[in-house]
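Colleague: Take a look at this one; I'll ask things after.
The values are calculated or read from the model by the stated rules, or taken from the named source; none is laboratory data. All values reported here derive from a predicted model rather than from experimental measurement. Glycine also receives a Cβ, built like all others from the backbone with ideal geometry; neighbour counts cover every protein chain displayed. Surface areas here come from the heavy atoms of the whole protein model, side chains and all, with no ligands, DNA or RNA. Shrake-Rupley method; radii C 1.70, N 1.55, O 1.52, S 1.80 Å.
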Amino acid sequence: MESTVRVLGPIEVHLPSGVRRVRGSKPLSLLAILLSQANRLISVDRLVTMLWDTDPPRSAVANLRTYVRILRQVLSDTPVRLEREPGGYLLRVTDADSDHLRFAQLVAEASAEAAGPTRAVERLEQALQLWRGVEAAAGVPRHGAVGTWLDALDEQRMRAVERIAEARIATGEPDRAVRELADLLAVAPLRSRAWWLKILAHHRLGEHDLALAGYRSAADVFRDELGIEPDPELTELYRSLLHWDDVPVGAGQVRPAVVTPIRGGLQPDVGPPNSGSPAAGDPVRPYRRRIERDRSTSHPTVHGLPEPPALIGRRDALTELRAAILGPQPGIGPRVVVLHGPPGVGTSALAQRAAYDLADAYPDGQLHLDVRTWPRARRSGAGPVQAVLRRLGVGTPPDDVAEAVDLLQTVSAGLRLLLVMDNVSAPGEVRPMLSLATGCCLLLTSGYPLGVIPGAGRLALRPLNVTNSVEVLRSMLGRDRVGEEFDHLAVLCGGLPLALRIVAARLIDLPALSTAALIGRLRDERRALSEWEVDDLSLRSRMIDVLSPLRPEVRYAFARLAGPREFGVAEAARRLNALVAETEALLDELVRTHLLVVSSTGRYRMPRFARLLAEELRFRPRCPELTFPSSA
């Protein structure tokens, strides 16, 4: 059955003698408006508003009559009628004479409760054959109500593709579903349901490697385009396939296909040897992953963390962190907790203390991985995952990141592990570890909250107050040393435990250096940062670790904005010679990483340590690892 007026593609009017095309953008738009309100009266005023949006010409009503006359000529000798009624116009059209009405009817029949998968495929095939492309009313400007209607038609087409793919999987045609979904995702890559069905279709075809690769492709799309993780249903499907669980679709239950294991060391659990093939019609037992390793090391009790020293001034923070680690499990996958704060604030020490104290809650191991010790290019690769796998008894972990990630989930299944990832500088360093199984905990320390990691608990760690800072100094230098000089040192250190440890170490290493002399050096802004360095401890290095992963434009802004005064966005834009919107984005990045502080009035300032580094980079560059735009 051929429709007379077609809008599912370029707008056309079909007659036995051939195709009539509507000439002119306004007559085309008028026909699209009338079709969106088929068999309903539309007032002249509303038609004028919809045609010209906000600025109709004086001759709008006369022009409308001209466009109506053009459409009536195009529609002559067809069953479709454009009629003048009191107050407006009405397009009379039947379901048979308009492809969008016929499409809606067929989709409704496919979705009816009595329609099984086979009938649904039949009706949806007919519905999708009505489309001549992927865009309704192609070429018609989309604005206002008609734009919304055309967008809705496009959405209905994409949902129909997903529905027919689901029905094809249920009726044993996953190969056709894969092709249709691939075409859909090529134009609409953010459709989570389409990814879900495509991954499942690959699995039903026995293409387990393509199913896993499909999930990784979907995850990359959502992270790159939206900065978010895939939705929980997609992630749950991925984990179900890793464990070869049954996955329901439509009205039936989908069993995983029998496939060859894709990695050595993962053996199929298919019953006793020489059991023969399953009888015809019997369900085939799915593979279950099993790791071939020495069972004496299958549940290692690894205390990768030595007992850390007692913390001063962190009782409340430690209580809050323990509660976050021990709280209710948020869902499938590891519990994730992010402990964040400015460089040198002591996130590492607090995380290690909490992990050590909670050994009983995680009896299978407390592991520590300092991301900063890895070359930056390798932090998101297989190396860190391989290191964890070795600690869990896997002798030769795979070199491929995806395989190592899959293996980590399998190995950690059923274990209660706590992994501390220290000094994380980017979400990509964490994502491979998110494959840890449910029951494990991933405790992250970072210079910022890592907001793109979903479902994480977050705790901001603040500098110590002066009283606690003095107590830290006294614990290292001796209880008998008191006085205002310690108060001055504590204030100069800004409450940062790292800075306090460094100045205490300098006083211990240099007995001839008096506290008053050290205070004088720390007040001299030309040399202050150099005084906060001793052996392998360096406040400058910690700040560079935070600064170096940022974009060159952000690093340039950091150096250009050096100064003791507060400033607003407009002043920052002048100093950077940038637009206000661009400047706000740069400032947001520096605030996020604690290199700037924003007040309640919306003004910005640099903490003293950050300002000292910014001035060094601006006037006396000494960090070759930090590159800047040529305009710097």
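Colleague: Can you tell me the mean projection area, over all orientations, of the convex hull of the stretch 118-181's alpha carbons? Units nm², please.
Modeller: Values: hull surface 17.8 nm².
Convex hull of Cα atoms, orientation-averaged projection: 4.5 nm².
Colleague: Right, next: With a 1.4 Å probe and all protein chains in place, put T396, T49, T373, T235 in order of accessible area, largest first.
Modeller: Highest to lowest solvent-accessible surface, that is T396, T373, T49, T235.
Colleague: If you don't mind, there's one more thing I want to ask. I'm checking a number: the convex hull volume of the Cα atoms of the stretch 144-185, normalised per residue, in Å³. What is it? Present the calculation step by step, with values, prior to reporting the outcome.
Modeller: Values: hull volume 1.9 nm³, N = 42.
Dividing the Cα hull volume of the stretch 144-185 by its residue count gives 45 Å³.
Colleague: Here's a follow-up. Largest first and in whole Å, what are the equivalent-ellipsoid semi-axes of the stretch 402-468 based on the Cα gyration tensor, each being the root of 5 times an eigenvalue?
Modeller: Ellipsoid semi-axes (Å, largest first): 27, 14, 10.
Colleague: With the radius of gyration and the Kirkwood radius both derived from the Cα set of the stretch 362-460, what is their ratio Rg to Rh?
Modeller: We get a ratio of 0.93 for the stretch 362-460.
Colleague: OK, next. Looking at the stretch 36-99, which trypsin sites (Lys or Arg not before Pro) are DSSP coil and have at most 13 other C-beta atoms within 10 Å of their C-beta?
Modeller: In loop regions of the stretch 36-99 (DSSP not H, G, I, E or B), the sparsely surrounded trypsin sites (Lys or Arg not before Pro) are R40, R58.
Colleague: Something else now. Looking only at Cα atoms, what is the convex hull volume of the stretch 1-154 per residue, in Å³?
Modeller: Details: hull volume 17.8 nm³, N = 154.
Measuring per residue, one finds 116 Å³ for the Cα hull of the stretch 1-154.
Colleague: Roughly how much of F609 is accessible, in Å² to the nearest 10, using a 1.4 Å probe?
Modeller: For F609, solvent-accessible area is about 20 Å².
Colleague: Hey, what's the stretch 541-583 come to in accessible area per residue, 1.4 Å probe, Å²?
Modeller: Averaged over the residues of the stretch 541-583, the accessible area is 47 Å².
Colleague: Share of Cα-Cα pairs in the stretch 455-587 beyond 27 Å, in percent?
Modeller: Roughly 37 percent, once rounded to a whole number.
Colleague: Ok, one more. Using a 1.4 Å probe on the protein heavy atoms, what percent of the accessible area of the stretch 477-585 belongs to carbon and sulfur? Numbers along the way, then the final one.
Modeller: Numbers: 2610 of 5260 Å².
Here carbon and sulfur together make up 50 percent of the probe-accessible area.
Colleague: Determine the gain in length on full extension of the stretch D151-E584; use 0.36 nm per residue of separation and subtract their C-alpha separation, reporting nm with one decimal.
Modeller: That works out to 152.6 nm of additional length.
Colleague: In Å³ and rounded to a whole number, note down the convex hull volume per residue for the Cα atoms of the stretch 1-55. Write down the numbers at each step before the final one.
Modeller: Working: hull volume 5.5 nm³, N = 55.
Taking only Cα atoms, the stretch 1-55 has a hull volume of 100 Å³ per residue.
Colleague: Taking 1 over the mean of 1/r across every pair of different Cα atoms in the stretch 142-239, what Kirkwood radius in Å do you get?
Modeller: 14.0 Å
Colleague: Determine the dipole magnitude for the stretch 388-453: charges of +1 sit on the beta-carbon of Lys and Arg, -1 on that of Asp and Glu, nothing else is charged, the reference point is the Cα centre, and the result goes in debye to the nearest 20.
Modeller: The dipole magnitude comes to about 260 debye.
Colleague: Stretch R574-S43 to full length: gain in nm at 0.36 nm per residue minus the Cα-Cα span?
Modeller: Working it through step by step, the gained length comes to 185.9 nm.
Colleague: Follow-up question, since we're still on this one. With a ≥ b ≥ c the root eigenvalues of the C-alpha gyration tensor of the stretch 572-621, is it rounded (a/c under 1.5), prolate (a/b larger than b/c) or oblate?
Modeller: Oblate.
Colleague: Report the accessible area of T66, computed with a 1.4 Å probe over the heavy atoms of all protein chains in place, in Å² rounded to the nearest 10.
Modeller: 50 Å²
Colleague: Which residue, P343, V385, T410, has the largest displacement toward the positive end of the dipole of the stretch 342-447 when charges sit on each Cβ (Lys, Arg +1; Asp, Glu -1)?
Modeller: P343
Colleague: Over the stretch 539-594, with a single point scatterer placed on each C-alpha, what log10 of the ratio I(q)/I(0) does the Debye formula yield at q = 0.22, 0.25 1/Å?
Modeller: Relative scattering, expressed as log10 I(q)/I(0), comes to -0.85, -1.05.
Colleague: Give me the percent of accessible area attributable to carbon and sulfur for the stretch 112-229, probe 1.4 angstrom.
Modeller: Ligands and nucleic acids excluded, carbon and sulfur reach 49 percent.
Colleague: Let me spell out the model: positive unit charges on the Cβ of Lys and Arg, negative unit charges on the Cβ of Asp and Glu, origin at the Cα centre of the stretch 442-515. What dipole size does that give, in debye rounded to 20? Please list the in-between numbers first.
Modeller: Numbers: 7 positive and 6 negative charges, 59 e Å.
Dipole about the Cα centre, nearest 20: 280 debye.
Colleague: For a label point 7 angstrom out from the Cα of D316 toward its Cβ, which stretches of the stretch 455-475 have the backbone nitrogen within less than 11 Å?
Modeller: 462, 465
Colleague: Suppose accessible area is computed on protein heavy atoms with a 1.4 Å probe; arrange I42, I312 from highest to lowest.
Modeller: Reading off the accessible areas and sorting them downward yields I312, I42.
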